[in-house]
Ligand code: ATP
């Protein structure tokens, strides 16, 4: 595979399962479509994404505060937000094979466009659309399907007890606007950020974790003075692109999709999706929308409570406008895995030598072996370093390696491995993206230096053991 050709999804899915990043949800019962479980490495990866976001969006700023609101909220929230009425996807059934699809996706895949009925609201299938599964031209007309998961609160399952699992975290922020305003000393412009699970009963979950039914969002509602929408929207698009670069998603494979006037919600003045070139197509990681006063206005109307900001300087009272960057942790994790995944040919003896992209179908050149490597940016790598005693049957080596390992793991997730040849141990760490390998050998016992091996270049250098922690810290920064 060349540097530029995309990795195959199968290879990435298989690595994720084999090395404990991502498992199919409820796998021992045959799986549950649209649900995924993150294993030991996957949950570290997600934690690193969340932490990088929280640091950039909340902790390193003085105009954003955090929130952690309940997943289940009063059902009126979802009426006010518009989700009960309008959070739907158009669904079609195949009369022939009885499968169910999202009408817009089926049309798009066949180069067609969903049409509007004469009333301008109902959707109609264009002529010639076929079932993507069995090929029959037997699809029903689209019907609206609400994506919210319904549930009941309390012991009685009647209509008064119905509510929903949140389909986005944002509404918890709007509903707490006044609580936050009156308890923290925020002044406009300011933001409230939240990370948490969201649930959507997607008609057709697909592309591994990309479209799941349970996923995690990182959302910021940034409240601003009306009239400053365009500049703050631009600001946040630029900030968010910088953040993606900082976690190792290069500008070259990120794109902005700017919504045209006919694609915007009626209350929105601008919307940009940040998309990434996944192996299955260029798709959304995050949406950044300027939503005006719509959300606070609706909650004000439905709750009967004023949701306004009083500016002590100008003595004005107004409903703030909002800019909302809304990102998905799972999609970012998947993009990072796709970006990091490489199949390479590397010199056999673990001596310095350049790795090169594997050429599928070609024989391995003499003196080379194949490796799979995840070239994660160190700040998001699940394991930061691995410590290896050169030989496992030399107690002095084992003791020194163990000591070093124990001091490092006070600060980072670090791995300790004494099984097998040193080359194989490096390979195992390459495959999970550990940036630094540290080998304790006989020279260590003499002068307390160790070998540091770089995952990407495979170059090895000798450094005093006392410097190792600083070097890991520098790499992560
Ligand atoms: P799509 O058009 O792909 O369904 P959306 O525009 O409905 O996404 P938003 O409502 O803007 O998505 O949600 C914000 C973010 O939440 C998305 O950019 C994405 O990262 C994440 N997200 C939304 N739906 C899913 C899902 N089904 N699975 C995983 N992540 C999701």
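The values are calculated or read from the model by the stated rules, or taken from the named source; none is laboratory data. The model shown is predicted, which means the values in this text are computed figures rather than measured ones. With ideal geometry, Cβ positions are generated from the backbone for all residues, glycine too; neighbour counts draw on all protein chains shown.
Can we say residue 247 is within 13 Å of the ligand (Cβ to nearest atom), more than 17 Å from residue 320 (Cα to Cα) and either in contact (Cβ under 8 Å) with a residue 40 or more places away in the chain or not assigned by TED's automatic domain parsing to the domain that holds residue 178 (or both)?
It is false that residue 247 is within 13 Å of the ligand (Cβ to nearest atom), more than 17 Å from residue 320 (Cα to Cα) and either in contact (Cβ under 8 Å) with a residue 40 or more places away in the chain or not assigned by TED's automatic domain parsing to the domain that holds residue 178 (or both).
Condition check: at pLDDT 95 or above and surrounded by 14 or more Cβ atoms within 10 Å (Cβ to Cβ). Does residue 101 satisfy that?
no
Taking the stretch 106-130, which residues are over 18 Å from residue 96 (Cβ atoms) and in a loop (DSSP other than H, G, I, E, B)?
Hits for the stretch 106-130 are 111, 112, 113, 114, 117, 118, 119, 120, 121, 122, 126.
Does any residue in the stretch 25-48 that is on the phi < 0 side of the Ramachandran plot come within less than 6 Å, Cβ to Cβ, of a residue that is at pLDDT below 95 and within 15 Å of the ligand (Cβ to nearest atom) six or more places away or on a different chain, and which pairs are these?
33/205
Among residues belonging to the stretch 369-392 that are in a strand (DSSP E or B) and under 27 Å from residue 250 (Cβ atoms), point out the one that is farthest from the chain's Cα centre (by Cα).
Of the residues in the stretch 369-392, the ones in a strand (DSSP E or B) are 369-374, 385-389.
Still in the running and under 27 Å from residue 250 (Cβ atoms): 370-374, 385-386.
Details: 370: 29, 371: 26, 372: 22, 373: 20, 374: 17, 385: 23, 386: 25 Å.
Among those that are in a strand (DSSP E or B) and under 27 Å from residue 250 (Cβ atoms), it is 370.
Kindly indicate whether residue 242 is modelled with pLDDT of 95 or more, farther than 30 Å from residue 206 by Cβ, outside the structural domain of residue 380 (by TED's automatic domain parsing) and not in a helix (DSSP H, G or I).
No: the conditions fail for residue 242.
Is it the case that residue 260 is under 21 Å from residue 292 (Cβ atoms), without any contact (Cβ under 8 Å) to a residue 40 or more places away in the chain and surrounded by fewer than 17 Cβ atoms within 10 Å (Cβ to Cβ)?
The answer is yes for residue 260.
Would you confirm whether or not the stretch 225-234 contains a residue that is within 16 Å of the ligand (Cβ to nearest atom), in the same structural domain as residue 50 (by TED's automatic domain parsing), modelled with pLDDT of 95 or more and more than 24 Å from residue 72 (Cα to Cα)?
Within the stretch 225-234, one or more residues are within 16 Å of the ligand (Cβ to nearest atom), in the same structural domain as residue 50 (by TED's automatic domain parsing), modelled with pLDDT of 95 or more and more than 24 Å from residue 72 (Cα to Cα).
Test residue 301 against the criterion of being closer than 27 Å to residue 228 by Cα, within 21 Å of the chain's Cα centre (by Cα) and either at pLDDT 95 or above or part of a helix (DSSP H, G or I) (or both), and give yes or no.
Spelling it out, it is not the case that residue 301 is closer than 27 Å to residue 228 by Cα, within 21 Å of the chain's Cα centre (by Cα) and either at pLDDT 95 or above or part of a helix (DSSP H, G or I) (or both).
Please specify each residue of the stretch 282-294 satisfying the condition of being touching a residue at least 40 places away in the same chain (Cβ under 8 Å) and more than 13 Å from the ligand (Cβ to nearest atom).
Scanning the stretch 282-294 gives 290, 292, 293.
Which of the residues belonging to the stretch 32-44 are within 16 Å of the ligand (Cβ to nearest atom) and either assigned to a helix (DSSP H, G or I) or at pLDDT below 95 (or both)?
Passing the criteria: only 42.
Would you mention how many residues in the stretch 164-220 are part of a strand (DSSP E or B) and within 12 Å of the ligand (Cβ to nearest atom)?
Number of matching residues: 14.
Condition first: over 13 Å from residue 432 (Cβ atoms), out of contact with any strand residue (DSSP E or B) (no Cβ under 6 Å at 6 or more places or on another chain) and part of a loop (DSSP other than H, G, I, E, B). Now tell me which residues in the stretch 7-31 satisfy that.
Those that are over 13 Å from residue 432 (Cβ atoms), out of contact with any strand residue (DSSP E or B) (no Cβ under 6 Å at 6 or more places or on another chain) and part of a loop (DSSP other than H, G, I, E, B): 8, 26, 30.
For residue 279, only one of the following conditions fails: (1) more than 12 Å from the ligand (Cβ to nearest atom); (2) surrounded by 15 or more Cβ atoms within 10 Å (Cβ to Cβ); (3) without any contact (Cβ under 8 Å) to a residue 60 or more places away in the chain. What is its number?
(3)
Output the number of residues of the stretch 131-153 satisfying the condition of being in contact (Cβ under 8 Å) with a residue 40 or more places away in the chain, surrounded by 13 or more Cβ atoms within 10 Å (Cβ to Cβ) and in a loop (DSSP other than H, G, I, E, B).
8
For the stretch 304-330: of the residues being within 16 Å of the ligand (Cβ to nearest atom) and outside any helix (DSSP H, G or I), which is nearest to residue 47 (Cα to Cα)?
Restricting to residues being within 16 Å of the ligand (Cβ to nearest atom) and outside any helix (DSSP H, G or I), the top hit is 328.
Look at residue 346 and say whether it is assigned to a loop (DSSP other than H, G, I, E, B), at pLDDT below 95 and farther than 20 Å from residue 51 by Cα.
no
Being within 16 Å of the ligand (Cβ to nearest atom), under 24 Å from residue 85 (Cα atoms) and touching a residue at least 24 places away in the same chain (Cβ under 8 Å): is that true of residue 335 here?
no
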